[in-house]
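Colleague: Pasting in a structure now, in structure tokens, and then I'll have a few things to ask.
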Amino acid sequence: MKTKLLNLFLLLMPALIFFSFTKQDHNMVKKELFGTLQDGEKIYSYILNNNNGMSATIINYGATVVKLKAPDKNRKVEDLILGYDSLSSYVKGGSFFGGIVGRFGNRIAKGRFTLDGKEYQLSINNGENHLHGGTIGFNKRVWKAKELSGSALQLTYVSPDGEEGYPGKLTITVTYSLTDKNGLKIYYKATTDKPTILNPTNHCYFNLTGSPDNTILNHILMINADKFTPVDKTLIPTGQLEDVANTPMDFRKPTRIGKHINDNFQQLKFAGGYDHNWVLNNYNGSVREAATLYDSTSGIFMKVLTDQPGIQFYSGNFLDGKDRGKDGIYYKFRTGLCLECQHFPDSPNKKNFPSVVLRPGETYTQTTIYEFSVK
């Protein structure tokens, strides 16, 4: 009997060793050279994998997600985000594909705000306003990468006092990891040595069809929000919170994005589609479901979970077919969408909006998860 068991063990041992190594490989971060900047600095890509066929490729330029792959209903693995094949395109590009934007994601009116009685002037890079951290925001900076145990990557950037006009030396870390539920988890942590403002977010453009030749107009979107922040013609919030009920902004029930996008509605005309912040329900600082997105052709269903008070839904209104992306595809009008978890735009100038002030001795944190399944 013992001999039979020993023979069986010896027979199974190669398979057990193979399984343990392949499982371990899935939980390791694979590092590769992605490109070289003009000053000679090398930029690397880091590939995260889980055991369910999902992977994320992140570069330390801009802490940018360059690929996000998950299986569709036919078990075909699809890349679900827009982006570029080369580092030079990320350096030149102005669409923020996949990057971490900040210090302040979204817009600040005329780039001005007052903190503790002192007025600050930030760089102007979006008409008369400041957008996504300015001329050279976090998405254009080189981050220091550290591979963590399991399928996780930590990226750190130290933003000096006065960068783009912001006060205080800010140290921010962003940790990307893949969950067993096929989620890309993004955890932010930051500290400062002077009072400052902070509102970072991730700027992935999603297209769940798996082909950016398709528009996102047939995607089914749900946003768990009863109100949104209406904007003026320069896309700066008025400061009001308006009900979504009986307007094209109502996504409380799953709704096809293209259903009302061309309605004769002033807010849609201002933005050329959707480019607004929704006031998420049940905000108490804990992670909860903020939105869902579904495409029937691929069967891919995405759930967005966050601890933030707002989410910016942007329907790719400025994609114009001139930006050459992955595999040589030119990204046309509304072929990608963003669901950016954040505080509200222009918060430093709106006392009734949740505060974005960070002071010495405090620690900023944020958790956002993009979770994928099939239906």
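Colleague: Which pairs do you get when a residue that is free of Cβ contacts under 8 Å to residues at least 60 places away in the same chain and assigned to a loop (DSSP other than H, G, I, E, B), found in the range 338-363, comes within reach of a residue that is polar (S, T, N, Q) and buried (at least 24 other Cβ atoms within 10 Å of the Cβ), reach meaning Cβ atoms under 8 angstrom, with the pair 6+ apart or on two chains?
Modeller: Matching pairs, first to second residue: Ser355/Ser347.
Colleague: Between a residue in the range 248-269 that is among the acidic types (Asp, Glu) and any residue that is modelled with pLDDT of 95 or more, which pairs come within a Cβ distance under 6 Å, given they are 6 or more apart or on different chains?
Modeller: Qualifying pairs under 6 Å: Asp250/Val244; Asp263/Pro248.
Colleague: Return only the number of the condition from (1) over 19 Å from the mean Cα position of the chain (by Cα); (2) without any contact (Cβ under 8 Å) to a residue 60 or more places away in the chain that Thr196 does not satisfy.
Modeller: Among (1) over 19 Å from the mean Cα position of the chain (by Cα); (2) without any contact (Cβ under 8 Å) to a residue 60 or more places away in the chain, Thr196 violates only (2).
Colleague: Next question. Among the residues of the range 314-324, is any surrounded by 22 or more Cβ atoms within 10 Å (Cβ to Cβ), assigned to a loop (DSSP other than H, G, I, E, B) and of a type in the set (S, T, N, Q)?
Modeller: Checked against the condition, which is being surrounded by 22 or more Cβ atoms within 10 Å (Cβ to Cβ), assigned to a loop (DSSP other than H, G, I, E, B) and of a type in the set (S, T, N, Q), the range 314-324 yields at least one hit.
Colleague: Keeping to the range 326-353, report how many residues are in contact with a Ser or Thr (Cβ under 7 Å, 6 or more places away or on another chain) and either surrounded by fewer than 18 Cβ atoms within 10 Å (Cβ to Cβ) or charged (D, E, K, R) (or both).
Modeller: Total meeting the criteria: 2.
Colleague: I'd like the residue in the range 76-99 that is under 16 Å from Thr135 (Cβ atoms) and touching a residue at least 24 places away in the same chain (Cβ under 8 Å) and, out of all such residues, is nearest to the chain's Cα centre (by Cα).
Modeller: Gly99
Colleague: Which residues, counting only those in the range 42-65, are touching an Asp or Glu at 6+ places or on another chain (Cβ under 8 Å) and either part of a loop (DSSP other than H, G, I, E, B) or touching a residue at least 40 places away in the same chain (Cβ under 8 Å) (or both)?
Modeller: Tyr44, Tyr46, Asn49, Asn50, Asn51, Asn52
Colleague: Taking the condition surrounded by 14 or more Cβ atoms within 10 Å (Cβ to Cβ), at pLDDT 95 or above and within 29 Å of Lys350 (Cβ to Cβ), does Thr209 pass?
Modeller: No: the conditions fail for Thr209.
Colleague: Is it the case, given these coordinates, that Leu184 is within 20 Å of Lys67 (Cα to Cα), of a type outside the set (S, T, N, Q) and either assigned to a strand (DSSP E or B) or in contact with a strand residue (DSSP E or B) (Cβ under 7 Å, 6 or more places away or on another chain) (or both)?
Modeller: yes
The values are calculated or read from the model by the stated rules, or taken from the named source; none is laboratory data. Treat the numbers as computed from the prediction; the structure is a model and nothing was measured. Every residue, glycine as well, gets a Cβ built from its backbone with ideal geometry; the counts of neighbours run over all protein chains shown.
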